[in-house]
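Following: one structure in structure tokens, then a few remarks.
The values are calculated or read from the model by the stated rules, or taken from the named source; none is laboratory data. Predicted model, so just to flag it, every value in this text is computed and none were measured. Cβ placement follows ideal geometry from the backbone for every residue including glycine, while neighbour counts extend to all protein chains displayed.
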Amino acid sequence: MPRRLPFCVLMLLLTIALGLCARFAPLGLPWFWSKYLGSMLWAAALYWLLALLLPRMRSATLAALSIVIAILVELSRLVPERHIDAFRLTLAGRLLLGRYFSIKNITAYVIAIT
């Protein structure tokens, strides 16, 4: 059964808003949440974006695809590419692709998506 479009849009927008707050608002969160909440919300936003684009895909398959994409984005940080690295230096690049590789981020992505 396909997901409802308005629900996916709402969840995506809410997740993005929470992620921006986690990254930029002085929330006074404990170190762990301050460090990884943004990454977890990025992964959740990826899931909701894919849910929006692929409404007939089963949730488990969608989660697996989201995890694969998140891991590939993280691993892409290990491969230098001039144009992508230049984009990573911008605010949009930092938010969408990140700047530094971290194996711990992969764990955060998997936790958030599952």
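Starting from residues that are within 23 Å of ILE103 (Cβ to Cβ) and of a type in the set (S, T, N, Q), keep the ones in the stretch 32-63 and report whichever is surrounded by the fewest Cβ atoms within 10 Å (Cβ to Cβ).
Among those residues, the one meeting the criterion is SER34.
Are there any pairs with C-beta distances below 7 angstrom linking a residue in the stretch 88-108 that is touching a residue at least 24 places away in the same chain (Cβ under 8 Å) to a residue that is among the acidic types (Asp, Glu), with the two at least 6 apart or on different chains, and if so which?
Filtered contacts from the stretch 88-108: PHE101/GLU74; ASN105/GLU74; ILE106/GLU74.
Need the failing condition index for ARG77 against (1) crowded, with 16+ Cβ neighbours inside 10 Å; (2) closer than 21 Å to ALA22 by Cα; (3) at pLDDT below 95, just the number.
Of (1) crowded, with 16+ Cβ neighbours inside 10 Å; (2) closer than 21 Å to ALA22 by Cα; (3) at pLDDT below 95, only one is false for ARG77: (2).
How about the stretch 58-87: which of its residues are within 10 Å of the chain's Cα centre (by Cα) and free of Cβ contacts under 8 Å to residues at least 24 places away in the same chain?
Across the stretch 58-87, the qualifying residue is only ILE69.
Filter the helices (runs of 4 or more DSSP H) completely within the stretch 32-114 down to those with at least 3 residues that are within 26 Å of VAL9 (Cα to Cα) and among the charged types (D, E, K, R). Explain how you work it out, then say what you get.
Values: elements: 59-76, 82-88, 91-96, 103-113.
It comes to none.
Restrict the check to the stretch 39-57 and report whether at least one residue is among the hydroxyl-bearing types (Ser, Thr, Tyr) and without any contact (Cβ under 8 Å) to a residue 12 or more places away in the chain. Even if it seems obvious, please write down each step before you answer.
Step one: list which residues in the stretch 39-57 are among the hydroxyl-bearing types (Ser, Thr, Tyr), which gives 39, 47.
Pick out the ones that are also without any contact (Cβ under 8 Å) to a residue 12 or more places away in the chain and you get none.
So far as the stretch 39-57 goes, no, none of its residues is among the hydroxyl-bearing types (Ser, Thr, Tyr) and without any contact (Cβ under 8 Å) to a residue 12 or more places away in the chain.
Any idea which of (1) surrounded by 14 or more Cβ atoms within 10 Å (Cβ to Cβ); (2) more than 28 Å from PRO6 (Cα to Cα) is the one LEU29 doesn't satisfy?
Every condition holds for LEU29 apart from (1).
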